[in-house]
Amino acid sequence: MSGEWYFDPKELTLSLWPNTTDGSAGKEVVAPLLSTIVRIEGAKDVTFNGFRFTETRSTFLDMYEVPSGGDWSVHRGATFEIIDSSGVEVSDCVFDQVGGNGVLLSNAVNQSLVAGNEFVKCGDSAVVSVGSSDGIDGTAQTYPRGNVIKQNHMHEIGIFGKQTSCYFQALGQNNTL
């Protein structure tokens, strides 16, 4: 039947019968496997400029956490992850139909820049900045601080997630939006 598919686990084959009445005949079929394309951890002074990220796996069934005392939960993952790094720049990139968050600033990310990007049809939030509460008084510095998120075009956010936003921050300090 038109518009149906079948996966044969013994043969490991996927059969697809496209709906040819809607003009989709001969078009590309995308089956995303990765939820993260770039992961930067423990790095300093790295720049990504002019890349296009698209069609990552949705993450709405992955692990979520409640980073602060509210009821807002967030997936600590993204198409582009920056973890415990400084001086990272993500600029003039396109995040098109990514299945979860676009960019994640996790834990001790500082003096980094997310600027001039376009985020369109993200499954969850466009940019997530979230720390950890290691050292309840803040002396452990396990949180994003001194980062700048500016001049990004974020639209059609939260395609799959229920608690989403263009920019989400929890447990951070002196970040500028």
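The values are calculated or read from the model by the stated rules, or taken from the named source; none is laboratory data. All values derive from a computational prediction rather than experimental measurement. Neighbour counts are summed over all protein chains in view; Cβ atoms, including those assigned to glycine, are modelled from backbone coordinates with ideal geometry. The area values use the complete protein model at the heavy-atom level, side chains included, leaving out ligands, DNA and RNA. Shrake-Rupley method; radii C 1.70, N 1.55, O 1.52, S 1.80 Å.
For the stretch 1-14, taking the residues that are in a strand (DSSP E or B) and at pLDDT below 85, the one that is nearest to A31 (Cα to Cα) is identified as L14. Looking at D71, is it of a type in the set (D, E, K, R), buried (at least 17 other Cβ atoms within 10 Å of the Cβ) and part of a loop (DSSP other than H, G, I, E, B)? The answer is no for D71.
What is the residue count in the stretch 44-68 for residues that are β-branched (V, I, T), assigned to a strand (DSSP E or B) and either more than 11 Å from the chain's Cα centre (by Cα) or within 17 Å of T164 (Cβ to Cβ) (or both)? Walk me through it before giving the result.
If we filter the stretch 44-68 for residues that are β-branched (V, I, T), which is where we start, we get 46-47, 54, 56, 59, 66.
Going one step further and asking which of them are assigned to a strand (DSSP E or B), we end up with 47, 54.
Of the ones still in play, those that are also either more than 11 Å from the chain's Cα centre (by Cα) or within 17 Å of T164 (Cβ to Cβ) (or both) are 47.
Total meeting the criteria: 1.
For the stretch 139-168, taking the residues that are of a type in the set (S, T, N, Q) and over 19 Å from S35 (Cα atoms), the one that is surrounded by the fewest Cβ atoms within 10 Å (Cβ to Cβ) is identified as T139. Taking first residues from the stretch 118-129 that are in a loop (DSSP other than H, G, I, E, B) and partners that are acidic (D, E), the Cβ contacts under 6 Å between residues at least 6 apart in sequence or on separate chains come to K121/E156. Look at (1) aliphatic (A, V, I, L, M); (2) open to solvent by 20 Å² or more (accessible area, probe 1.4 Å); (3) out of contact with any Phe, Trp or Tyr (no Cβ under 6 Å at 6 or more places or on another chain); (4) closer than 29 Å to L33 by Cβ and you find that L104 fails only one, number (2).
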